Amino acid sequence: MPDAPTPSVPEGSVPEGSVPAHAVVVGAGVTGLLAARRLAQAGARVTVLEAGDRIGGQVRTVDFAGRRCELGAEAVHLASPAVTALVRELGLEDSMIRSNPGATWLATRKGLRRLPQGVGPTGPTQLMPVVRSGIVSAPGLARAALEPLVARRHRVEGDMSVGRFVRERFGDEIADSFVDPMLGGLHSGDIDQLSLQAASPMLAAVARDGRSLTLSVRTRKAGPSVAPSMFATWPQGLSALTDHLLDGVDVDVRLASPVTSLRRTEQGSYAATTASGEDHHADAVVLAVNAAVAARVLADASPDAAAPLARVRSASLASVLVALPAAEAGRCRPIADGTGIMIPSRLGLRLKAATFLSAKWPQLSGGDTTLVRLSAGRDGSTIVDDHTDPELIELLLADLRELTGLDAQPVETRLHRWLDTAPQLVVGHQQRLATARAALARDLPGVVVAGASHDGAGISGCVTSALQAVTTLTERPLR
Ligand SMILES: Cc1cc2nc3c(=O)[nH]c(=O)nc-3n(C[C@H](O)[C@H](O)[C@H](O)COP(=O)(O)OP(=O)(O)OC[C@H]3O[C@@H](n4cnc5c(N)ncnc54)[C@H](O)[C@@H]3O)c2cc1C
């Protein structure tokens, strides 16, 4: 892997003031690695304890069919200023590869249709493309067109489900046809349970103000922000980000070191105990692990923090990389002429989404094979647990064939299971987290939780969460 330029430390990214002498970070995903970086830059001695045999967590690039492909996260979303600043700091800006512009397919009962312009994960911001798409029935369109009128008397205080909000604003058809496959697919969850505040802060702001989604200039701009050109990776894969997060800092990373418990010592510091029984003493601890793990680690030292965290459940997912003979894939129009398929859950397929990697990413195009990634797994579904690898691959391929008419055997496949990984930020999530954090601040000041299952799935959410965790520990805002 080529070396990135030596990272510079941007002003304002390092905390001043009360820096812990020794910090332990539990978990070496994006969140833990960035928290470790900032703490080390501030002058703390940092130890990272990671359960697995590698760093990166849900960022995992592998060699597949002669290319660098992702089993986990595929891209960073460049809409977040914190992400772009970090990419610049790591010297990774110039080598970044943006995804190709291209059309996404939406599965409907009538077959595949182009996803209309102006439809984002939270619903349409322009109605005409939806009208022209033919996806929504005439009564469904008539109901959706009422949105600006409904908005005037539709102000939401507190939390509610994304599904309820969209159903009340636009009607059921818009919720089930667009928001379920897009936002529900993104979170591998049920839109009628996902929290408006936690899973869609942009929509929560609109809900509070009673603004119309179809009339609001701000949301109209926000709609296409999920356009492919805002997504980026690197020639060596997304692992470039996690591989370089510890560049230029002195951090002690211990692999194969699962933390099982945490306690406060008589001296007021903390001891993180690993499965081998080894204690790691620290003045501050960042638990950058999923909420269920954090709950287990905190069970004895802060039962009041552990209880709400234990209620944050996660869905299991599977990713299947598929290499198809390029000539045969090229004859399949949906694969040749789109970047992927989103699939509403009401269609009852096992496949949740398909990404046509060779069309989406310039570095994955060309050659003898066309690469596709198939995804499965949602909250409440047991598909990932119920089948052997060959069965699961065949089931997902069968759905892909049915949707696209593909008539080809893969030349190579690779399946990866992400067990209990996709956090379900359901209604009341932020309140539960606030309760857990208040209990932590009382019982274990100097211990913080951070990461996807606390502050929002996705790398940009993890970046913000890691920075917030370090800010809390050092009592200084930073970026
Ligand atoms: C299939 C898939 C596709 C995705 N696609 C995207 C995408 O395209 N863009 C995007 O922004 N996001 C995407 N995401 C989400 C994104 O990858 C995650 O939100 C993010 O990587 C989570 O980072 P994290 O550091 O919070 O947690 P993790 O990456 O889960 O890291 C936690 C780490 O803690 C370790 N650990 C667990 N228990 C212990 C313990 N007891 N002691 C010590 N260590 C422990 C784990 O081994 C792991 O390394 C995707 C996720 C998946 C699974």
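The values are calculated or read from the model by the stated rules, or taken from the named source; none is laboratory data. A quick note: this is a predicted structure, and the numbers were derived from the prediction, not measured. All Cβ positions, even for glycine, are placed from backbone atoms using ideal geometry, and neighbour counts span all protein chains on display.
Within the set of pairs 6+ apart or on separate chains, which have a first residue in segment 400-411 that is in the same structural domain as Met342 (by TED's automatic domain parsing), a second that is part of a loop (DSSP other than H, G, I, E, B), and C-beta atoms under 7 Å apart?
Leu400/Leu351; Leu400/Leu406; Thr404/Cys332; Gly405/Cys332; Leu406/Cys332
Being modelled with pLDDT of 85 or more and in contact with a Ser or Thr (Cβ under 8 Å, 6 or more places away or on another chain) narrows it down to one residue among Ser216, Ser177; which is it? Steps first, answer last, please.
Values: Ser216 fails: modelled with pLDDT of 85 or more.
Result: Ser177 is the single residue among Ser216, Ser177 that is modelled with pLDDT of 85 or more and in contact with a Ser or Thr (Cβ under 8 Å, 6 or more places away or on another chain).
I'd like to check something: does segment 326-339 contain any residue that is under 24 Å from the mean Cα position of the chain (by Cα), of a type outside the set (D, E, K, R) and surrounded by fewer than 23 Cβ atoms within 10 Å (Cβ to Cβ)?
We begin by selecting, within segment 326-339, every residue under 24 Å from the mean Cα position of the chain (by Cα); these are 338-339.
Okay, now just the ones that are also of a type outside the set (D, E, K, R), so 338-339.
From the residues that got through so far, the ones that are surrounded by fewer than 23 Cβ atoms within 10 Å (Cβ to Cβ) too are 338-339.
Yes, because at least one residue in segment 326-339 is under 24 Å from the mean Cα position of the chain (by Cα), of a type outside the set (D, E, K, R) and surrounded by fewer than 23 Cβ atoms within 10 Å (Cβ to Cβ).
Here are Gly57, Gly72: which of them is under 30 Å from Leu262 (Cα atoms), within 16 Å of the ligand (Cβ to nearest atom) and crowded, with 21+ Cβ neighbours inside 10 Å?
Working: Gly72 fails: crowded, with 21+ Cβ neighbours inside 10 Å.
Criteria check complete, one pass: Gly57.
Applying the selection to segment 23-34, what residues are in a strand (DSSP E or B) and more than 6 Å from the ligand (Cβ to nearest atom)?
Step one: list which residues in segment 23-34 are in a strand (DSSP E or B), which gives 23-26, 29.
Scanning segment 23-34 gives Ala23, Val24, Val25.
Any idea which of (1) surrounded by 17 or more Cβ atoms within 10 Å (Cβ to Cβ); (2) modelled with pLDDT under 85; (3) more than 20 Å from the chain's Cα centre (by Cα) is the one Gly210 doesn't satisfy?
(1)
Just to check your reading of the model, which residue among Val48, Val30, Val25, Val62 is modelled with pLDDT of 95 or more and in contact with a His (Cβ under 9 Å, 6 or more places away or on another chain)? If you could, list the steps in order and put the result at the bottom.
On the way: Val48 fails: in contact with a His (Cβ under 9 Å, 6 or more places away or on another chain); Val30 fails: in contact with a His (Cβ under 9 Å, 6 or more places away or on another chain); Val25 fails: in contact with a His (Cβ under 9 Å, 6 or more places away or on another chain).
Only one candidate qualifies: Val62.
Go through segment 35-54 and report how many residues are assigned to a strand (DSSP E or B), touching a helix residue (DSSP H, G or I) at 6+ places or on another chain (Cβ under 6 Å) and within 14 Å of the ligand (Cβ to nearest atom). Give the steps one after another, and end with the answer.
Of segment 35-54, the ones assigned to a strand (DSSP E or B) are 45-49.
Imposing the further condition that a residue be touching a helix residue (DSSP H, G or I) at 6+ places or on another chain (Cβ under 6 Å) reduces the set to 46, 48.
Now narrow it down to the ones that are within 14 Å of the ligand (Cβ to nearest atom): 48.
Selection size over segment 35-54: 1.
Going by the conditions given, is Asp63 within 16 Å of the ligand (Cβ to nearest atom) and surrounded by fewer than 21 Cβ atoms within 10 Å (Cβ to Cβ)? Give the steps one after another, and end with the answer.
On the way: within 16 Å of the ligand (Cβ to nearest atom): no; surrounded by fewer than 21 Cβ atoms within 10 Å (Cβ to Cβ): yes.
Taking the combined requirement at face value, the residue does not satisfy it.
Is it the case, given these coordinates, that Thr388 is among the polar types (S, T, N, Q), closer than 26 Å to Val312 by Cβ and surrounded by fewer than 21 Cβ atoms within 10 Å (Cβ to Cβ)?
Values: among the polar types (S, T, N, Q): yes; closer than 26 Å to Val312 by Cβ: no; surrounded by fewer than 21 Cβ atoms within 10 Å (Cβ to Cβ): yes.
No.
Working carefully through the options Asp389, Asp443, Asp455, find the one that is closer than 19 Å to Leu349 by Cα and of a type outside the set (A, V, I, L, M, F, W, C). Step through it out loud before you land on a result.
Details: Asp443 fails: closer than 19 Å to Leu349 by Cα; Asp455 fails: closer than 19 Å to Leu349 by Cα.
It is Asp389.
I need every pair where a residue in segment 431-452 that is within 11 Å of Ser302 (Cα to Cα) and part of a helix (DSSP H, G or I) has its Cβ under 6 Å from the Cβ of a residue that is more than 14 Å from the ligand (Cβ to nearest atom) and of a type in the set (Gly, Ala, Ser), sequence separation at least 6 or different chains.
Filtered contacts from segment 431-452: Ala436/Ala305; Ala439/Ser302; Ala439/Ala305; Leu440/Ser302; Leu440/Ala305; Asp443/Ser302.
Any residue that is more than 26 Å from Leu324 (Cα to Cα) and in a loop (DSSP other than H, G, I, E, B) - is there at least one of those in segment 71-79?
Yes: one or more hits.
Which ones in segment 279-298 are away from the ligand (no atom under 12 Å from the Cβ) and part of a loop (DSSP other than H, G, I, E, B)?
If the condition is that a residue be away from the ligand (no atom under 12 Å from the Cβ) and part of a loop (DSSP other than H, G, I, E, B), then Asp283 is the only one that fits.
Of the residues Thr61, Thr84, Thr47, which is more than 22 Å from Pro181 (Cα to Cα), touching an Asp or Glu at 6+ places or on another chain (Cβ under 9 Å) and without any contact (Cβ under 8 Å) to a residue 40 or more places away in the chain? Give the derivation first.
Details: Thr61 fails: without any contact (Cβ under 8 Å) to a residue 40 or more places away in the chain; Thr47 fails: without any contact (Cβ under 8 Å) to a residue 40 or more places away in the chain.
After ruling out the rest, the residue left standing is Thr84.
Working only within segment 293-323, note down all residues that are polar (S, T, N, Q) and surrounded by fewer than 21 Cβ atoms within 10 Å (Cβ to Cβ).
So in segment 293-323, the residues polar (S, T, N, Q) come out as 302, 314, 316, 319.
Passing the criteria: only Ser316.
Quick one: in segment 444-460, of everything that is of a type in the set (Gly, Ala, Ser) and crowded, with 24+ Cβ neighbours inside 10 Å, which residue is nearest to the chain's Cα centre (by Cα)? Before you say what the answer is, go through the steps one by one.
Here is the first cut: in segment 444-460, the residues of a type in the set (Gly, Ala, Ser) are 446, 450-453, 456-458, 460.
So of that shortlist, the ones also crowded, with 24+ Cβ neighbours inside 10 Å come out as 450-453, 457.
Values: Ala450: 14, Gly451: 10, Ala452: 7, Ser453: 10, Ala457: 4 Å.
Applying the filter and picking the extreme gives Ala457.
Kindly indicate whether any position in segment 424-440 is aliphatic (A, V, I, L, M) and within 10 Å of the ligand (Cβ to nearest atom). So that I can check it myself, show each step before the final result.
Start the filter on segment 424-440 by keeping residues that are aliphatic (A, V, I, L, M), which leaves 425-427, 433-434, 436, 438-440.
Now restrict to residues that are within 10 Å of the ligand (Cβ to nearest atom): none.
No: segment 424-440 contains no residue that is aliphatic (A, V, I, L, M) and within 10 Å of the ligand (Cβ to nearest atom).
Please specify each residue of segment 266-292 satisfying the condition of being polar (S, T, N, Q) and surrounded by fewer than 21 Cβ atoms within 10 Å (Cβ to Cβ). Steps first, please.
Narrowing segment 266-292 to residues polar (S, T, N, Q): 267, 269, 273-274, 276, 290.
Correct list: Gln267, Ser269, Thr273, Thr274, Ser276.
Mind listing just one residue for me: the one in segment 461-471 that is among the β-branched types (Val, Ile, Thr) and within 16 Å of the ligand (Cβ to nearest atom) and, of those, surrounded by the fewest Cβ atoms within 10 Å (Cβ to Cβ)? Can you show your working first?
As a first pass, look at segment 461-471 and keep what is among the β-branched types (Val, Ile, Thr): 463-464, 470-471.
Within this subset, residues satisfying the condition of being within 16 Å of the ligand (Cβ to nearest atom) are 463-464, 470.
Details: Val463: 24, Thr464: 21, Val470: 31.
Residue satisfying both the conditions and the ranking: Thr464.
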